[in-house]
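A quick write-up on the structure given underneath.
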Amino acid sequence: MSVIETLIQRRDQAFGVGAPLFYERPLQVVRGEGAYLFDAEGRRYVDLYNNVPCVGHCHPRVVEAIARQAATLNVHSRYIHDGAIALAERLAGLHGPQIESVVFGCSGTEAIEVALRMARFATGRSGIVCSNATYHGNSELVGKLTHVGSAQPESEHVHAFPFPEAYRPLRQGLSEAELCDAYLERVADAIRRFEATEAGFAALIVCSIFANEGLPDIPQGFMRKACELAHAAGGLVIADEVQAGYGRTGGWWGYDSEGFAPDIVVTGKPMANGIPLSATAASHDLMNMFRARTRYFNTFASSPLQAAAGMAVIDVIEEEGLLESVSRVGEAFKAGLVARKDASPVIGDVRGRGLFLGVEIVKPGTREPDSDRAAWICNQLKDRGYLTSNAGVFHNVVKIRPPLVFSGEDAAGFLDAWDGVIADLHA
Ligand code: PMP
C-alpha cells in the first residue's frame, strides 16, 4: 500500500468514511507559500482554489503577527483589549455608512446564523428568502437554506427564488431587462407568500455574486431592485460576503460590484488567512438590539489572536495593492479563458470577475451540464500542477478562485496546462 493509500485508510478510520476529499488521486500537502502548495515529494502545485489563505499561504507578515500575539496574550473577550476593537472599527470603515459595528465569530456558519437572528429580532418576523441553489453554512438553522426546492423543500420559515442567470435563463428569448424583471417577480413572489402567513418576511439573504450557485452572469440591476423589494416589504437584506468579499472581485466587496447596499454583511473565510475568524456587521441599532436580546458570547471569537491576524490581512491587502492586482491579473486571465472558449465544444461559458472565474463544462453542442467531464478536467489539471475543483449547482463549473497574490505568470502557466488538458480530451 502506498503512503497516500495508508493515510486515506487511517483518515477513514479517524474521521469516518465520507469526509470530503478532492481528486481521484488525493493530494498530500505538506507546505504552502504564496499561491503555491507543495506535496510530500516537494512537487509544487499552483493553488487556484483556496481563498482562505487570501494574501498567500503562510504570508510572513501574517505569520509574524500571529506568532507575536500568541507569544504575548490570547484570551477570551470578556476583558478589554484594543485588538478586536480596532479590527471591528477598521472592518466597519471598509463598508458603507450603514455598517457601524461588528460581532465576531469563528466560522461563516456562525456569522450567518447571527445575521438571520438579527434580522428576525429587528423585524419581529421569521421568513427568510434565499436562492434555490445556495449554501450559507452547515448548522441546523443555516442548513435550512441549502438547495431549497431540490435537496429539501421550502418550509414555513424559508422560501426560495431561482437564482438569476443568463446562461440557462428562467425563460428563453427575453432581453436582459425582461429577464431581470422575470427573476425579480420570483423574488417578489417568495416574499409575498410570507406576507400571507404567520411567519411574515424578515430578510432576503444572498451571496452577493451567487458563488455556490455557479457564479452566473446576473442581469444588470437585479440585486439593487431585489433590495428595493425586500425593503418595501419591511425586510432586511443580508449580503453573504464569505466568498465574494475581501478583494475577490477586485473591489473590497461583491455587493459593490453588484450595486447594492446590504443592511447586514457577513464575512468569513479570508479574514485571517486561515485563523478562524468571521464577522457579522450592521448598524449600531441592529447590533445593540441583537446584543440586548442575546448577550451573545463566543469563546474563541474577538480574541487578541484573531484580531492580530485579521489586522495583518487588511494591512497586506492595502500595502501590497492586492485589489488593483486582482483586477489586472483577473481581467487578463479571463480574457485568456474566453479566447479558448471556441477551442472545445465542451466549454459552454466563461464567467466571473477579478480572481473568481468559472468555466462551465457541457455536453458538446448543448447547454447540458457535464459534471463528470468537469471533474476529469480538474483531475488532469491537478496532475499538471494546477489545483481547481468542480463546483456550481450542477458541479460542472471549473472553479478558479486563487489566493489574491496569484500572478500573471501563474495565469499564463495555467492556460498552458489548460490547453494541454483540452488537447488530451480531444486526442
Ligand atoms: N457562505 C458561503 C457563501 C460559503 O461558501 C460558506 C462555506 N463554503 C459559508 C457561508 C459557510 O462558511 P463556514 O464553512 O466557515 O461555516
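The values are calculated or read from the model by the stated rules, or taken from the named source; none is laboratory data. Note that the structure is predicted; figures quoted are calculated from it, not measured. Virtual Cβ from ideal backbone geometry, glycine too; neighbours counted across all protein chains shown.
Comparison of Thr249, Thr267 shows that the only residue that is near the ligand (Cβ under 10 Å from one of its atoms) and touching a Ser or Thr at 6+ places or on another chain (Cβ under 7 Å) is Thr267. Name the pairs: first residue in the stretch 105-121 and more than 20 Å from Phe300 (Cα to Cα), second residue near the ligand (Cβ under 8 Å from one of its atoms), Cβ to Cβ under 9 Å, at least 6 apart or on different chains? From residues that are more than 20 Å from Phe300 (Cα to Cα), the pairs are Leu116/His136; Leu116/Val142. Within the stretch 96-105, is even one residue away from the ligand (no atom under 16 Å from the Cβ), assigned by TED's automatic domain parsing to the domain that holds Asp285, modelled with pLDDT of 95 or more and touching a Leu at 6+ places or on another chain (Cβ under 8 Å)? Yes: one or more hits. One residue alone among Glu64, Glu100 is farther than 16 Å from Ser303 by Cα and more than 23 Å from the chain's Cα centre (by Cα), and that residue is Glu64. Select from the stretch 32-53 the residues that are of a type in the set (D, E, K, R) and under 24 Å from the mean Cα position of the chain (by Cα) and write down the one among them that is nearest to Gly268 (Cα to Cα). Per the criteria, the residue is Asp47. Scanning the stretch 329-373 for residues that are basic (Lys, Arg) and touching a residue at least 60 places away in the same chain (Cβ under 8 Å) turns up Arg340, Arg351, Arg353, Arg367. Does the stretch 186-204 include one or more residues that are under 20 Å from the mean Cα position of the chain (by Cα), within 16 Å of the ligand (Cβ to nearest atom) and either of a type in the set (A, V, I, L, M) or part of a loop (DSSP other than H, G, I, E, B) (or both)? Yes, the conditions are met somewhere in the stretch 186-204. Of the residues screened, Ser131 is one that is on the phi < 0 side of the Ramachandran plot, hydroxyl-bearing (Ser, Thr, Tyr) and within 16 Å of the ligand (Cβ to nearest atom). I'd like to know if the stretch 359-366 contains one or more residues that are of a type in the set (Ser, Thr, Tyr), assigned to a loop (DSSP other than H, G, I, E, B), out of contact with any Lys or Arg (no Cβ under 9 Å at 6 or more places or on another chain) and farther than 17 Å from Asn212 by Cβ. Scanning the stretch 359-366, I find at least one residue that is of a type in the set (Ser, Thr, Tyr), assigned to a loop (DSSP other than H, G, I, E, B), out of contact with any Lys or Arg (no Cβ under 9 Å at 6 or more places or on another chain) and farther than 17 Å from Asn212 by Cβ, so the answer is yes. The set of residues in the stretch 60-69 that are more than 19 Å from Ser278 (Cα to Cα) and not charged (D, E, K, R) comprises Pro60, Ala67. The requirement of being closer than 27 Å to Gly268 by Cα, touching a residue at least 24 places away in the same chain (Cβ under 8 Å) and touching a Phe, Trp or Tyr at 6+ places or on another chain (Cβ under 9 Å) is not satisfied by Phe194.
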